[in-house]
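Inspection log for the structure reproduced underneath, given as C-alpha cells.
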Amino acid sequence: MMFVKNAPLLFLLIFLSFQSSSAQKEVNPVRMIDEIKTHTEGLAVWWTGHNGWLIKYNDILIGTDLALESEDRAVPSPISAKELAEELDISFITHEHGDHFERETSKILAQKGNCVFVMPSNCKEIAIQEVGIPEQRINVATPRVPFNIGDVKIEPVRAIHGNSKFAVYYDANLEDCGYLITIGGKRFLQMGDTVLLEDHLFLEKVDVLFFSPTEHNTHIDPSLILINELEPTYILPQHRDTFKVTDQNRYWTTGYPNEVKFRLSKPMQERYHILEIGDKIDIEDVTEVREN
C-alpha cells in the first residue's frame with residue numbers, strides 16, 4: 001500500500017535523475033584538445049573563433065591567427081594556448097593586429113612548445129622583442145614567394161587591409177600576408193585581413209576557403225565574386241561571433257555569413273559551412289565531394 005501511494009513520487013525522482021544525467025552529458029562535451037590528440041589519420045579542421053583555425057593531417061598540426069587568450073573575446077576559446085603548445089607544429093600569423101597576432105597566445109606557444117612561426121617581416125621585431133620568440137623559430141613570409149616547411153607547402157598571398165566604410169586602411173602594410181597552404185594534398189586559403197584582390201582571383205584549385213565577410217574585408221558582394229570564381233569544395237566564413245561588439249568596432253567584429261550564403265547558387269550553398277566556435281569538420285577526398 002505504501003508503494004502505491006508513493007509511486008508518483010518515485011517516478012518523479014527517476015525522471016529527475018535521468019534529466020540530471022542528460023544535463024551532465026551536455027555540459028561535459030568532448031574537449032577540443034582531446035579531439036585533436038585522438039585524430040591521427042586524415043584531414044580535419046577545428047574553428048577556435050575569429051580567424052583561428054587548427055588543421056591536422058595525420059600527426060601534423062598547424063594553426064592560423066590564433067587568439068586563444070585574448071581578454072576581449074566575448075566567447076572563450078575552446079582550447080587554451082597551454083593545452084595546444086605541445087601539439088602544434090606551425091603557427092601562421094597574417095599581420096600584427098592583436099586579434100590576429102595575439103601576443104599572449106604566441107608567448108605561451110613559444111614558451112611551452114616547439115612550434116615554428118610563419119609571419120610577415122613587419123611582425124618579426126614584435127615577435128622577438130615583445131613576445132620573446134627565438135629568431136631561429138621564425139620563418140618570414142613575403143607575398144608571392146613560396147617556400148616549404150617539411151611536407152607543408154606555403155604560398156604567401158598579398159593582403160591589403162580594409163577599414164570601415166569599405167575603404168582601404170590608411171596604414172595598410174604591403175608586407176601583410178594571406179596564405180595558400182598545401183597539406184595532405186589539399187589547398188587551404190587563409191586570406192587574413194584584406195579586401196578582394198586580383199591575386200585571390202588568380203589562385204587555382206582552392207579546396208578550403210577561410211574568408212571574412214565583414215565590412216572591412218570582403219563583405220558580401222566581393223565575397224560572392226571570390227567564391228564563384230574559386231569554387232572551393234569547403235567554404236568557411238570567419239572573423240565573426242568571437243569578440244565583444246561595440247558601435248566602434250562593429251565593422252570588424254560583425255560578419256555577414258548568412259547574407260553571403262543566401263545569394264549563392266544551391267551547389268555552392270551545399271559547400272558552405274557556418275561553424276560554431278569549437279566545431280570540427282572532416283575534410284574528405286575533394287574528388288568524391290565534388291562528384292556528389
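The values are calculated or read from the model by the stated rules, or taken from the named source; none is laboratory data. None of the values given here were measured: they were computed from a predicted structure. Positions of Cβ are backbone-derived with ideal geometry, glycine not excepted, and every protein chain shown enters the neighbour counts. To get the accessible areas, we keep the full protein, side chains included, count just its heavy atoms, and leave off ligands, DNA and RNA. Shrake-Rupley method; radii C 1.70, N 1.55, O 1.52, S 1.80 Å.
Counted as qualifying within segment 33-150 are the strands (runs of 3 or more DSSP E) with 2 or more residues that are out of contact with any Pro (no Cβ under 9 Å at 6 or more places or on another chain) and open to solvent by less than 30 Å² (accessible area, probe 1.4 Å), namely 43-49, 52-57, 60-64, 90-92, 116-120.
Would you mind stating whether Val30 is modelled with pLDDT of 55 or more, in a strand (DSSP E or B) and closer than 30 Å to Ser212 by Cβ? When the stated conditions are applied, Val30 does not pass them.
Residue pairs whose Cβ atoms lie under 6 Å apart, sitting 6 or more positions apart in sequence or on different chains, and linking a residue in segment 99-127 that is closer than 8 Å to Ala85 by Cβ and at pLDDT 95 or above to a partner that is open to solvent by 40 Å² or more (accessible area, probe 1.4 Å) and in a helix (DSSP H, G or I), are Ile108/Lys82; Lys112/Lys82. Restricting attention to segment 85-110, and to residues there that are of a type in the set (A, V, I, L, M) and out of contact with any strand residue (DSSP E or B) (no Cβ under 7 Å at 6 or more places or on another chain), which single residue is farthest from Trp47 (Cα to Cα)? By that ranking, first place goes to Ala110.
A count restricted to segment 151-191 and to residues that are surrounded by 24 or more Cβ atoms within 10 Å (Cβ to Cβ), in a loop (DSSP other than H, G, I, E, B) and not charged (D, E, K, R) stands at 2.
Residues checked against (1) of a type in the set (Val, Ile, Thr); (2) at negative phi; (3) under 17 Å from the mean Cα position of the chain (by Cα):
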| position | (1), (2), (3) |
| --- | --- |
| Glu102 | no, yes, yes |
| Gly113 | no, yes, no |
| Cys123 | no, yes, no |
| Ile126 | yes, yes, no |
| Gln129 | no, yes, no |
| Ile138 | yes, yes, no |
| Thr142 | yes, yes, no |
| Gln190 | no, yes, yes |
